[in-house]
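Trainee: Okay, here's the structure, questions in a sec.
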Amino acid sequence: MEAISDRLFNEHTTDNLQDDPSLLTIILDVSPSGWFKIQNVISIQDVVKSLIVYLNSHLSLNNSNQVAFLITSPLKSKFLYPKLDNSNIIKDSVSKDMYRQFKIVDDIILEELNQFLNEMIDKIENNKRSTLTGAISLGLTYTNRMLTLDQSILTTTASAMTTTSLANSNQNSSNITSSSSTSMKSRMLIISANDDDDELTYIPLMNCIFAAQKMKVSIDVAKLGFKNSSYLQQASDATNGIYLHIENPKGLIQVLSTAFFIEPNLRPFIILPANSNVNYRASCFITGKAVDIGYVCSVCLCIMSKLPEKCPACNSEFDKKIIEQLNRVPQIRKKRKLESNGNGNNENNNN
Amino acid sequence: MSSNLFKTTVNEYLESLPKTVQSKLYEAPATCLSIYRLLSPMAKFYIMSMIFNEKPVNLRDLNKWCKPSSRKLEYEALKRLKALHLVEYDNKGSHIRLHSNFRKNFRDCLTGTQKPNAFGSISLTNDKHKVDIKFLDKFASQKWENILHFMVGTESTTTPSKSVLSLLQLGGLMENKNGLSITNSGFQFLLQDVNAQIWTLLLQYLNLTQDLNMDPVDVLNFIFILGSLELGKSYSVSSLSETQRSMLADLRDYGLVYQRSDTSGRFYPTRLATTLTSDSAGLKTPSMAVEQALGEEAEETAQERNIQESIIIETNFKVYAYTNSPLEIAILNLFVHLRTRFANMVCGQITRESIRNALYNGITADQIIKFLDSHAHPQMKLLAKERLDKKIEFDTSNNINTAGGAPQSKNENVISQHKLEIIPPNVLDQIKLWQLELDRIQTFEGYLFKDLANQQEYDILSNYASELGVLIWSDKVKKKFFVTKDGMSQVADFANRKLKR
């Protein structure tokens, strides 16, 4: 009897491989330096081609699937799709030879991308930091809007968007639909060729990661270029995402359509590509450089690569004696590390 | 879940088609896309992973994607794909590849390089009698509701056309005993959501076409193309085949397409058609969206909208429904013991008897629950949402998870979440329990494995069977176990492979 009753009551939990619609946010980092280094291997053009096919395949999964496409450069981050003013959409949607949902998305992305790259050529300056974290926050805010607030998610086609915007006036229904739209799932894919980790701002990135964790958004990372990015590795590791360093990006579409094609509702059932050695490096609060071994303030846990008199974040004063001890000579430091690990105001911290 | 019911029925129909017909179907990109959408998420993933791969994929590589605990999903996905002939096994059975036509067409569809007009040819000229989306929505809901109302015998409904009537009879939804009357399966039909209803009729229609010597491939292609058309745009009739043109008149009767007159050179798909291949979450919508659009229009239609969401259920099993539509009352009467009727409201009680009656008629507990869920009064939904918010807040402030399951089980990536409970939980459980009362004995067809050589052999085989989800019963001491009919071949293969060594 027990077995039978279990079956009826558990049916939903075991079979909950629901085909919920999902939102895919793609963030493409077009920082020129990174792409310049791999110019012999692959160009932005080729990557965008693959990405567009990838977007199409995401849209083909489900009628109500949504996509967003963000671009980030040292200059600024911007939404390519959805476009803020959707004036041209209606005109573009008449197409003879392609499924219209694909056509709309693809056309807008290509058009906007060209425009963006042209603008960038004129204004680009050196030594600017990446705005990738800004793009992630933009993507997350958009996700939040789609997941909880916006009703247009419930409509099945882009063309229906116009009709439901009318329905916003109806208060009753807006309350209800917002609650039922929680079945929407979301994930994010970052494509970056940027090899220099220090260009990323550490603290905003961490904040983004925490926000993503809370919203249950997985951050997938496709890293082109020559080096692993430890910060992005951490981002995908913390959010149950997939991090892949693609050294040979020629067959990018195959990687995209397998490893990066795992929908959020499939994740519990599939073995994700392994992310074995994540480097949990943090960034120094004073210099902004990544540190492997550094000092940690015992009050606010701020991380430093060298020892100041006061903590730069919380202003608490450190014990001068200990600072002296720590600053003296390397041999003593080594000894201390072996002897005691756990008292004193400041101590060596080994990540 | 019943929301996915239409998918299974459509899939089953497609699987039952002969291989040659299936192969022909895969020649149309629109059909490939629609069939792809009807598959399970796991199957979709497998197809996508193979679509850009030129070489056949080793089955063992495919297995590696799956966690051992979800073998069952993988097994089912592959079974489905095989039945649809979407994947082909090579001679040894170790490698698989996609059906070549499907692969080519679906890939073309994704990359946008297929032949022009694969997704219907849009009329570029302006229509003198142009109609807007609102009109189409109204047209569709009128036609469709008319059919439903006719089924329950609402007065003052016009009789639907002959083709609709014959479909209803053929599908066993109505029967002719001095005048048409609704059958039990007809009532079940009413409980489904609109999409499932449409598909039920369309599948009947498909059965009918074979008698009329229409090409089922042509018919299916047209249905699937309809699903990918754009709402509010007109499409030209001239590019359709003869068969498809003759279908237009029938589809017009169901409210799937709008055509101003028989001779008009263009047709408009309605929302019922464009959402044919989309599913659950999107698909509470065709009716809802239709009503929303209409609700804007006039007060009286707005009232009508409320009728759809009018049921209040109390924890003491009392049901109040603010409705006077015979359709709704007839449906409620299936599983509620109705007591009193007022001008704008009916009251009733859910009892063991009333539910059992419904169950005897072949209605399932899930269907009842789904119906109550989707027709609950806005006030009930608001309350449920408030309760949910409170629970979540409580959990976060106390840093625990009261939703059930061990809070420390970190290896499970899915943290059990609170669900929105619109129907009082006690009522929900009780309805399920009443269903359980009825099926104390279940019968399965299958095979018994016995006389196994040793304990180890038994362990290997029974574990494998339970991973696949085909194990029904096992006895460790007697070293016997029982597997379903479907799983037999798989387990036997496995046994042959393992035990030879």
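Trainee: Name the residues in segment A:240-273 that are away from chain B (no Cβ under 11 Å), free of Cβ contacts under 8 Å to residues at least 40 places away in the same chain and not aliphatic (A, V, I, L, M), would you?
Mentor: As a first pass, look at segment A:240-273 and keep what is away from chain B (no Cβ under 11 Å): A:241-250.
Okay, now just the ones that are also free of Cβ contacts under 8 Å to residues at least 40 places away in the same chain, so A:242-247.
Scanning segment A:240-273 gives A:Tyr243, A:His245, A:Glu247.
Trainee: The conditions are (1) in a helix (DSSP H, G or I); (2) crowded, with 19+ Cβ neighbours inside 10 Å, and B:Leu206 fails exactly one of them. Which is it?
Mentor: So B:Leu206 meets the others, but not (2).
Trainee: Got at least one residue in segment B:127-140 being modelled with pLDDT of 80 or more, more than 10 Å from chain A (Cβ to nearest Cβ) and out of contact with any strand residue (DSSP E or B) (no Cβ under 9 Å at 6 or more places or on another chain)?
Mentor: Yes: segment B:127-140 contains one or more residues that are modelled with pLDDT of 80 or more, more than 10 Å from chain A (Cβ to nearest Cβ) and out of contact with any strand residue (DSSP E or B) (no Cβ under 9 Å at 6 or more places or on another chain).
Trainee: With the requirement that a residue be in contact with a Gly (Cβ under 8 Å, 6 or more places away or on another chain) and either among the aromatic types (Phe, Trp, Tyr) or farther than 30 Å from B:Asn105 by Cβ (or both), what does segment A:55-75 give you?
Mentor: Looking only at segment A:55-75, we keep the residues that are in contact with a Gly (Cβ under 8 Å, 6 or more places away or on another chain), and these are A:56, A:62-64, A:68, A:70, A:72.
Across segment A:55-75, the qualifying residues are A:Leu70, A:Thr72.
Trainee: Also: Exactly one of these conditions fails for B:Leu338: (1) touching a residue at least 12 places away in the same chain (Cβ under 8 Å); (2) surrounded by 15 or more Cβ atoms within 10 Å (Cβ to Cβ). Give me its number.
Mentor: Here B:Leu338 clears every test but (1).
Trainee: When only residues in segment A:287-306 that are over 17 Å from A:Asp197 (Cβ atoms) and touching a strand residue (DSSP E or B) at 6+ places or on another chain (Cβ under 6 Å) count, which is least open to solvent (accessible area, probe 1.4 Å)?
Mentor: Applying the first criterion (over 17 Å from A:Asp197 (Cβ atoms)) to segment A:287-306 yields A:295-302, A:304, A:306.
Checking which are touching a strand residue (DSSP E or B) at 6+ places or on another chain (Cβ under 6 Å) leaves us with A:295-296, A:304.
Values: A:Tyr295: 16, A:Val296: 29, A:Met304: 0 Å².
Here the residue is A:Met304.
Trainee: Out of segment A:285-297, which residues are assigned to a loop (DSSP other than H, G, I, E, B) and either modelled with pLDDT under 85 or out of contact with any Phe, Trp or Tyr (no Cβ under 9 Å at 6 or more places or on another chain) (or both)? Before the answer, list the steps.
Mentor: Taking segment A:285-297 as the starting set, the residues that turn out to be assigned to a loop (DSSP other than H, G, I, E, B) are A:285-289, A:292, A:297.
Of everything in segment A:285-297, those that are assigned to a loop (DSSP other than H, G, I, E, B) and either modelled with pLDDT under 85 or out of contact with any Phe, Trp or Tyr (no Cβ under 9 Å at 6 or more places or on another chain) (or both) turn out to be A:Phe285, A:Ile286, A:Thr287, A:Gly288, A:Lys289, A:Asp292.
Trainee: When A:Ser31 is evaluated against the numbered criteria (1) within 14 Å of chain B (Cβ to nearest Cβ); (2) polar (S, T, N, Q); (3) open to solvent by less than 10 Å² (accessible area, probe 1.4 Å); (4) closer than 18 Å to A:Val221 by Cα, which criterion, by number, is the only one it fails?
Mentor: Condition (1) is where A:Ser31 drops out.
Trainee: Also, quick follow-up: Given the criterion open to solvent by less than 70 Å² (accessible area, probe 1.4 Å), part of a helix (DSSP H, G or I), at pLDDT below 85 and within 22 Å of B:Asn105 (Cβ to Cβ), identify the matching residue among A:Ile52, A:Ile104, A:Ile4. Outline the logic, then answer.
Mentor: Details: A:Ile52 fails: at pLDDT below 85; A:Ile4 fails: within 22 Å of B:Asn105 (Cβ to Cβ).
Of A:Ile52, A:Ile104, A:Ile4, the one residue that is open to solvent by less than 70 Å² (accessible area, probe 1.4 Å), part of a helix (DSSP H, G or I), at pLDDT below 85 and within 22 Å of B:Asn105 (Cβ to Cβ) is A:Ile104.
Trainee: Additional query: Do you know which residues across segment B:171-180 are over 15 Å from B:Ile147 (Cβ atoms) and not in a loop (DSSP other than H, G, I, E, B)?
Mentor: Going residue by residue through segment B:171-180, those that are over 15 Å from B:Ile147 (Cβ atoms) are B:172, B:175-179.
Hits for segment B:171-180 are B:Glu175, B:Asn176.
Trainee: For segment A:62-76, which positions are at pLDDT below 85 and within 14 Å of chain B (Cβ to nearest Cβ)?
Mentor: Hits for segment A:62-76 are A:Asn62, A:Asn63, A:Ser64, A:Asn65, A:Gln66.
Trainee: Just checking, which of B:Lys64, B:Lys82, B:Lys44, B:Lys72 is free of Cβ contacts under 8 Å to residues at least 60 places away in the same chain, within 12 Å of chain A (Cβ to nearest Cβ) and open to solvent by 60 Å² or more (accessible area, probe 1.4 Å)? I'd like the intermediate steps shown before the answer.
Mentor: Details: B:Lys82 fails: within 12 Å of chain A (Cβ to nearest Cβ); B:Lys44 fails: open to solvent by 60 Å² or more (accessible area, probe 1.4 Å); B:Lys72 fails: free of Cβ contacts under 8 Å to residues at least 60 places away in the same chain.
Going through B:Lys64, B:Lys82, B:Lys44, B:Lys72 in turn, the sole match is B:Lys64.
Trainee: A:Ala235 fails exactly one of the following numbered conditions: (1) part of a helix (DSSP H, G or I); (2) within 14 Å of chain B (Cβ to nearest Cβ). What is the number of that condition?
Mentor: (2)
Trainee: Of all residues in segment B:430-449, which are of a type outside the set (A, V, I, L, M, F, W, C) and within 18 Å of B:Phe317 (Cα to Cα)? Lay out the reasoning, then the answer.
Mentor: Within segment B:430-449, the first condition is being of a type outside the set (A, V, I, L, M, F, W, C), and the residues that meet it are B:430, B:432, B:435, B:437, B:439-440, B:442-443, B:445-447.
B:Gln430, B:Lys432, B:Gln435, listed by residue number.
Trainee: Considering (1) modelled with pLDDT of 50 or more; (2) small (Gly, Ala, Ser); (3) touching a helix residue (DSSP H, G or I) at 6+ places or on another chain (Cβ under 6 Å); (4) open to solvent by 20 Å² or more (accessible area, probe 1.4 Å), say which one B:Ala302 fails and leave the rest.
Mentor: Here B:Ala302 meets the rest and fails (1).
Trainee: Moving on to the next point. Collect the residues in segment B:209-227 that are of a type outside the set (A, V, I, L, M, F, W, C) and open to solvent by 10 Å² or more (accessible area, probe 1.4 Å), keeping them in residue-number order.
Mentor: Our first condition is that a residue be of a type outside the set (A, V, I, L, M, F, W, C); within segment B:209-227, this holds for B:209-211, B:213, B:215-216, B:218, B:221, B:227.
Of everything in segment B:209-227, those that are of a type outside the set (A, V, I, L, M, F, W, C) and open to solvent by 10 Å² or more (accessible area, probe 1.4 Å) turn out to be B:Gln210, B:Asp211, B:Asn213, B:Asp215, B:Pro216, B:Asp218, B:Asn221.
Trainee: I'd like the full set of residues that are of a type in the set (A, V, I, L, M, F, W, C) and within 18 Å of A:Thr287 (Cβ to Cβ), limited to segment A:315-329. Even if it seems obvious, please write down each step before you answer.
Mentor: Let us first name the residues in segment A:315-329 that are of a type in the set (A, V, I, L, M, F, W, C), namely A:318, A:322-323, A:326, A:329.
Listed by number, the residues that qualify are A:Phe318, A:Ile323, A:Leu326.
Trainee: Quick one: is A:Cys208 modelled with pLDDT of 85 or more, over 29 Å from A:Ala68 (Cβ atoms) and either in contact with a Cys (Cβ under 9 Å, 6 or more places away or on another chain) or assigned by TED's automatic domain parsing to the domain that holds A:Ser60 (or both)? Explain how you work it out, then say what you get.
Mentor: On the way: modelled with pLDDT of 85 or more: yes; over 29 Å from A:Ala68 (Cβ atoms): no; either in contact with a Cys (Cβ under 9 Å, 6 or more places away or on another chain) or assigned by TED's automatic domain parsing to the domain that holds A:Ser60 (or both): yes.
Considered against the rule, which asks whether it is modelled with pLDDT of 85 or more, over 29 Å from A:Ala68 (Cβ atoms) and either in contact with a Cys (Cβ under 9 Å, 6 or more places away or on another chain) or assigned by TED's automatic domain parsing to the domain that holds A:Ser60 (or both), A:Cys208 comes out as no.
Trainee: Looking at B:Leu383, B:Leu359 in this structure, which one is within 14 Å of chain A (Cβ to nearest Cβ), open to solvent by 80 Å² or more (accessible area, probe 1.4 Å) and at pLDDT 85 or above?
Mentor: Working: B:Leu359 fails: open to solvent by 80 Å² or more (accessible area, probe 1.4 Å).
Testing whether each residue is within 14 Å of chain A (Cβ to nearest Cβ), open to solvent by 80 Å² or more (accessible area, probe 1.4 Å) and at pLDDT 85 or above leaves just B:Leu383.
The values are calculated or read from the model by the stated rules, or taken from the named source; none is laboratory data. Remember, predicted model here, so these are calculated numbers, not experimental data. Heads up, the Cβs are rebuilt from the backbone with ideal geometry, glycines too, and the neighbour counts pull from every protein chain shown. Ligands, DNA and RNA are excluded from the accessible area calculation, which covers all protein heavy atoms including side chains. Shrake-Rupley method; radii C 1.70, N 1.55, O 1.52, S 1.80 Å.
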